[in-house]
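Step one of this worksheet: look at the structure below.
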Amino acid sequence: MNFDILTIFPEIFPGPLACSITGRALEEKLITVNPVDIRDFSTDKHKNVDDYPYGGGAGMVMQPGPLYRAHQDVMQQRDYLPETILLSPQGKKFSQDQARELSQKPGVILICGHYEGVDERVRELIVDRELSLGDYVLTGGELPAMVVIDAVARMIPGVVGDEESTRRDSFYQGILDYPQYTRPRSFQELEVPGVLLSGHHARIERWRKKQALKRTWLRRPDLLEEADLDPEDIEILHEIQAELAEKEDNELVGEENNELAREKDNKLVGEENNELAEQEYNELAGYENNKLAGDKNKQADGDKGKDDQQAT
Ligand code: 4G0
């Protein structure tokens, strides 16, 4: 897949994309990155590509001319019809689904905006899709473009060596990851949860699913509205909510009101003098940064005494 990038800083590409997995993808020509200097298409004697905003106001606006000509030039070089994407804070939120969709294409053109934005006619004439990484403003669209390239590249078959991780992406689609552990079994007096050493595949799967759902419920309840949960997931979620209600003796948690659940979560974090609250937060949020919480967690999952069993 080819990425053409319209930018006033072509020298910063490939940058970090030359490293690690995307670096190998570049070497193997699974992806190509072609930065195009917008200034090369300026007609200005100083190669300026920005000007003052009509109607007044602070800052500068990217002119349509250089961007339009750079875009025409790139389109002419391609034997496919590339989708043109503008990276800006005004865009639709970039998602894993969009990364997957874009990875099916032969190539895309990424436009990196600068200054206070780009002339609206650029959107009308050449932009097919406007994407934002999130609700924050950066000095330019170059870093967002690199993020998009990375996210799209790793969805291309053969880029990520281990196909298992892509499979897992879709298995736990729409919810947060479960907590992961590797050697050593004991670190700074914190133990790996016993169930992971038990060798009981079904119990491990259920524990992971429960942890993933707990995290999602407590940190990103918004995701649960979109996630496609199977009947077992919903049963586990109800189990989690019942545990929360029981432990907290707080009828707010039983209600399926995300706003209130979050409020309750925040309340627990704030109560740092309340040992029970802190302990419960650590456990429920999946933070095993607390010996007491870790031990309590093992008890809660009925795994006490499994620590001495070997994983393999
Ligand atoms: C276009 C993307 C581009 C318009 C780009 C800024 C954040 C993101 C830029 C503006 C960017 C993002 C109107 C400030 C370049 N910052 N969140 N900066 N304006 O994806």
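The values are calculated or read from the model by the stated rules, or taken from the named source; none is laboratory data. Predicted model, so just to flag it, every value in this text is computed and none were measured. For the accessible areas, the whole protein counts, side chains as well, though only heavy atoms, and no ligand, DNA or RNA atoms are used. Shrake-Rupley method; radii C 1.70, N 1.55, O 1.52, S 1.80 Å.
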Checklist line | Amide H contacts under 5 Å for THR84, placed H, 5+ residues apart | finding: ILE109, ASP128, ARG129
Notebook entry, point to check: Shape of segment 152-244 from its Cα gyration tensor (a ≥ b ≥ c, root eigenvalues): rounded if a/c is under 1.5, otherwise prolate when a/b > b/c, or oblate?
Noted result: oblate
Next item on the list: May I ask you to rank TYR54, TYR136, TYR68, TYR80 by accessible area, largest first, using a 1.4 Å probe over the protein chains only?
Entry: TYR54, TYR136, TYR68, TYR80
Item checked: Backbone HN-Hα couplings from phi across segment 232-245 [Karplus 6.51/-1.76/1.60, Hz, Gly and Pro as x] -> 5, 4, 5, 4, 5, 4, 5, 4, 4, 5, 5, 4, 4, 5
Next item on the list: Using just the alpha carbons, could you tell me how many Å³ per residue the convex hull of segment 189-235 encloses?
Entry: 79 Å³
Check: So what are the three principal axis dimensions of segment 1-84 from its Cα atoms, in whole Å, longest to shortest?
Finding: 48, 28, 23
Next item on the list: Hey, can you grab everything whose amide H is under 5 Å from the amide H of ASN34? Only 5+ residues off in sequence or another chain; H modelled, so Pro and N-termini drop out.
Entry: PHE3, ASP4, ILE5
Notebook entry, point to check: Can you give the percent of C-alpha pairs in segment 2-167 whose distance is more than 29 Å?
Noted result: 18 percent
Next item on the list: Arrange the residues ARG220, ARG215 by how much accessible surface each exposes, largest first, with a 1.4 angstrom probe.
Entry: ARG220, ARG215
Item checked: With DNA, RNA and ligands ignored, accessible area of SER95 (1.4 Å probe; Å², nearest 10) -> 40 Å²
